[in-house]
Amino acid sequence: HADLAMYQAKERGRGNFQFFEAHLTERARERLFLEGELREALNRGELQVHYQPQYSLADGRLIGAEALLRWRHPDRGMIPPDKFIAIAEDSGLIVPIGEWVLRTACHQARIWAEAGKGFQRMAVNLSGAQIERSDVLAAVGRILAETGLAPQHLELEITETYIMRQAERNIQVMEALRNLGLTLAIDDFGTGQSSLSYLKRLPVDKLKIDRSFVMDIPQDANDSAITRSILALGHSLRLTVLAEGVETAEQLAFLQELACDEAQGYYFSRPLDAANFDGLIFG
Ligand code: C2E
Ligand code: MG
Ligand code: MG
Ligand code: MG
């Protein structure tokens, strides 16, 4: 990439070639560094899964969690997923890392589901690259068997953008996954230009309204209208609708008034490590 960009910059003859070279080389070097570190992160025990609680809005009860990957680098400290998931996807490292997250989360979900405190479901993010680069169906089946988690306690989240990129093919994979007995959620819904005709055919159970819409309700009229539309659409398709990124009592009240089913967000809780999530469940 860097070479090509330098070549193009040179060809354009803009005279700022030096700037491009320095800039791109630094970016490329940083990416390469992170990829190398990420390759070792699993073995070195630097990866962790945190859990953000999800609540039913009808009765306010904690009903599940979303598993979120964390990377604690020895020198750099916490590196957020936005900085390394794309690198993991491009390099293929998302396959072993994704399977590790799934195994860790399923193992944990079994303990919480068996505690009899209302914990019903663990949601795990599935990257499109995992679907493309590995036999994800076999991996999920194997991990459910290994951990002994009943499949109805597992939900997989796939982003709307990825699903719609190759909808026909993804419908098949999603049907096969769902036949394992788990549920499927469309993540970051509203950002990926779903066609309504596909949406009707998608084998999914839940829509997750993207945080970018929830952020400015109820003040922003457009975002409020979009949120209202997603809820109407989801409910007319008999899907559960969850709002992500709920931070304020006003947002919550607006969502409750529209009969939104579930929510997660800092208003309720930030993602917690397993020990702190234990505290929520077992009090
Ligand atoms: P996502 O799946 O949409 O996850 C929700 C993100 O919103 C999480 O960020 C969560 O910490 C954050 N969030 C939740 N509530 C609030 C809130 O009230 N306010 C704000 N400002 N943020 C909130 P996080 O953990 O940084 O993850 C970012 C993205 O990285 C995730 O978005 C997901 O796409 C990806 N990701 C995280 N873990 C995994 C993983 O294990 N596998 C894959 N493939 N992707 C992952
Ligand atoms: Mg998610
Ligand atoms: Mg999301
Ligand atoms: Mg999001």
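See the values below:
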read-out	value
Scan of the range 219-247 for residues that are of a type in the set (Val, Ile, Thr) and open to solvent by less than 50 Å² (accessible area, probe 1.4 Å), ordered by number	Thr227, Ile230, Thr240, Val241, Val246
Close pairs (9 angstrom Cβ cut-off, 6 or more residues apart or separate chains): among the β-branched types (Val, Ile, Thr) in the range 225-237, modelled with pLDDT of 95 or more and exposed (fewer than 15 other Cβ atoms within 10 Å of the Cβ) anywhere	none
Any hit, the range 148-169, residues being touching a Leu at 6+ places or on another chain (Cβ under 9 Å), at pLDDT 95 or above, within 22 Å of Trp100 (Cβ to Cβ) and assigned to a helix (DSSP H, G or I)	yes
Test result for Val173, buried (at least 17 other Cβ atoms within 10 Å of the Cβ), in contact (Cβ under 8 Å) with a residue 40 or more places away in the chain, farther than 29 Å from Leu280 by Cβ and out of contact with any Ser or Thr (no Cβ under 8 Å at 6 or more places or on another chain)	yes
Boolean, Thr147 is among the hydroxyl-bearing types (Ser, Thr, Tyr), open to solvent by less than 30 Å² (accessible area, probe 1.4 Å) and more than 14 Å from ligand 1 (Cβ to nearest atom)	yes
Positions within the range 146-162 being within 12 Å of Leu184 (Cα to Cα) and either aliphatic (A, V, I, L, M) or in contact with a strand residue (DSSP E or B) (Cβ under 6 Å, 6 or more places away or on another chain) (or both), in sequence order	His153, Leu154, Glu155, Leu156, Glu157, Ile158, Thr159, Glu160
Residue within the range 207-215 that is basic (Lys, Arg) and within 16 Å of ligand 2 (Cβ to nearest atom) present	yes
Top-ranked residue in the range 143-159 [being within 13 Å of ligand 2 (Cβ to nearest atom) and without any contact (Cβ under 8 Å) to a residue 40 or more places away in the chain; ranked as nearest to Gln120 (Cα to Cα)]	Leu156
Elements of type strands (runs of 3 or more DSSP E) in the range 171-253, at least 3 residues being over 21 Å from the mean Cα position of the chain (by Cα) and more than 16 Å from ligand 3 (Cβ to nearest atom)	none
Residue, farthest from the chain's Cα centre (by Cα), within the range 270-283, restricted to residues that are touching a residue at least 12 places away in the same chain (Cβ under 8 Å) and exposed (fewer than 15 other Cβ atoms within 10 Å of the Cβ)	Phe282
Of all residues in the range 254-269 being out of contact with any strand residue (DSSP E or B) (no Cβ under 7 Å at 6 or more places or on another chain) and over 20 Å from Leu233 (Cα atoms), the one that is least open to solvent (accessible area, probe 1.4 Å)	Gly265
Subset tally (residues that are closer than 15 Å to Ala88 by Cα and small (Gly, Ala, Ser)) for the range 36-72	2
Residue that is nearest to ligand 1 (Cβ to nearest atom), among those in the range 43-83 that are open to solvent by less than 80 Å² (accessible area, probe 1.4 Å) and outside any strand (DSSP E or B)	Pro81
Close pairs from the range 204-218: first open to solvent by 20 Å² or more (accessible area, probe 1.4 Å), partner more than 14 Å from ligand 3 (Cβ to nearest atom) and aromatic (Phe, Trp, Tyr), Cβ under 8 Å, at least 6 apart	Pro218/Phe254
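A quick yes/no check of all residues on (1) within 26 Å of Val140 (Cβ to Cβ); (2) away from ligand 2 (no atom under 16 Å from the Cβ); (3) of a type in the set (Lys, Arg):
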site: Ile217; (1), (2), (3): no, yes, no
site: Ala221; (1), (2), (3): no, yes, no
site: Leu231; (1), (2), (3): no, yes, no
site: Leu242; (1), (2), (3): yes, no, no
site: Val246; (1), (2), (3): no, no, no
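The values are calculated or read from the model by the stated rules, or taken from the named source; none is laboratory data. Because the structure is a prediction, the values reported are computed rather than measured. Note: ideal-geometry Cβ built from the backbone for every residue, glycine included; neighbour counts use all protein chains shown. Only protein heavy atoms, including side chains, enter the accessible area calculation; ligands, DNA and RNA are left aside. Shrake-Rupley method; radii C 1.70, N 1.55, O 1.52, S 1.80 Å.
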